[in-house]
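Participant: So that we are looking at the same thing, I have put the structure below in structure tokens.
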Amino acid sequence: MAEESTVTRHELEQAISGFMLELGIPAHLRGYQYLRSAIEMCAEDMELVGSVTKLLYPDLAKMHKTTDQKIERAIRNAIEVSWERGNGNLFEELFGYNNSEEYSRPTNSEYIAAVADHIRLEYELIWQ
């Protein structure tokens, strides 16, 4: 059994940011910030992934002082950019398929769930 680790919120943010950059999401996009917050929230509570439009987007909108619709669109744009520019091998590992022309990009909730789950598993999260 793997040894459990303790991860601070700052370390979690760094891990998510680093992984998002590996996925090809440029940090200058507004959706980058929203997506990082969404992934962090879902890594803490995976049940949010099942209620993206009813719980996650409204919470993100309050946190970032914007609307649910702007959150959804900015995240979708960040994922589209990632899918076009990102590492196909990493996508294959995460989603079971890559960004070749025969596959369409994952949905916002699929993308958030896969990245949040990867972070949870990699860091065996225990909150401080």
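Participant: Looking only at region 65-97, count how many residues are more than 16 Å from the chain's Cα centre (by Cα) and either open to solvent by less than 40 Å² (accessible area, probe 1.4 Å) or at pLDDT 95 or above (or both).
Facilitator: Residues flagged as more than 16 Å from the chain's Cα centre (by Cα) and either open to solvent by less than 40 Å² (accessible area, probe 1.4 Å) or at pLDDT 95 or above (or both) within region 65-97 amount to 7.
Participant: Same structure again: So which pairs qualify, if the first residue must be in region 17-31 and modelled with pLDDT under 95, the second must be assigned to a loop (DSSP other than H, G, I, E, B) and crowded, with 19+ Cβ neighbours inside 10 Å, the Cβ gap must be under 6 Å, and the two must be at least 6 apart or on different chains?
Facilitator: So the pair list comes out as 23/86; 24/86.
Participant: Take the conditions over 16 Å from the mean Cα position of the chain (by Cα) and either of a type in the set (S, T, N, Q) or modelled with pLDDT of 90 or more (or both) and apply them to residue 104. Does it pass?
Facilitator: On the way: over 16 Å from the mean Cα position of the chain (by Cα): yes; either of a type in the set (S, T, N, Q) or modelled with pLDDT of 90 or more (or both): yes.
It is true that residue 104 is over 16 Å from the mean Cα position of the chain (by Cα) and either of a type in the set (S, T, N, Q) or modelled with pLDDT of 90 or more (or both).
Participant: May I pose another question? With region 1-103 as the region, which helices (runs of 4 or more DSSP H) entirely inside it contain at least 2 residues that are under 18 Å from residue 113 (Cα atoms), of a type in the set (D, E, K, R) and out of contact with any Lys or Arg (no Cβ under 6 Å at 6 or more places or on another chain)?
Facilitator: Details: elements: 9-22, 30-44, 57-64, 68-85, 88-95.
Once the helices (runs of 4 or more DSSP H) in region 1-103 are filtered for at least 2 residues that are under 18 Å from residue 113 (Cα atoms), of a type in the set (D, E, K, R) and out of contact with any Lys or Arg (no Cβ under 6 Å at 6 or more places or on another chain), what remains is 9-22, 30-44, 68-85, 88-95.
Participant: Quick one: in region 107-128, which of the residues that are touching a helix residue (DSSP H, G or I) at 6+ places or on another chain (Cβ under 8 Å), among the polar types (S, T, N, Q) and at pLDDT 75 or above is least open to solvent (accessible area, probe 1.4 Å)? First the steps, then the outcome.
Facilitator: To start, the set of residues in region 107-128 that are touching a helix residue (DSSP H, G or I) at 6+ places or on another chain (Cβ under 8 Å) comprises 108-120, 122-123, 125, 127-128.
Okay, now just the ones that are also among the polar types (S, T, N, Q), so 108-109, 128.
Imposing the further condition that a residue be at pLDDT 75 or above reduces the set to 108-109.
Working: 108: 11, 109: 43 Å².
The extreme case among them is 108.
Participant: Taking the condition of being surrounded by fewer than 17 Cβ atoms within 10 Å (Cβ to Cβ) and either within 19 Å of residue 108 (Cβ to Cβ) or at pLDDT 80 or above (or both), how many residues in region 1-16 meet it?
Facilitator: Step one: of region 1-16, the residues surrounded by fewer than 17 Cβ atoms within 10 Å (Cβ to Cβ) are 1-6, 8-11, 13-14.
Narrowing the set further to residues that are either within 19 Å of residue 108 (Cβ to Cβ) or at pLDDT 80 or above (or both) leaves 8-11, 13-14.
Number of matching residues: 6.
The values are calculated or read from the model by the stated rules, or taken from the named source; none is laboratory data. Remember, it's a predicted structure, so these values are computed and weren't measured experimentally. Virtual Cβ from ideal backbone geometry, glycine too; neighbours counted across all protein chains shown. Each accessible area value is taken on the protein alone, full model and side chains, heavy atoms only, with ligands, DNA and RNA left out. Shrake-Rupley method; radii C 1.70, N 1.55, O 1.52, S 1.80 Å.
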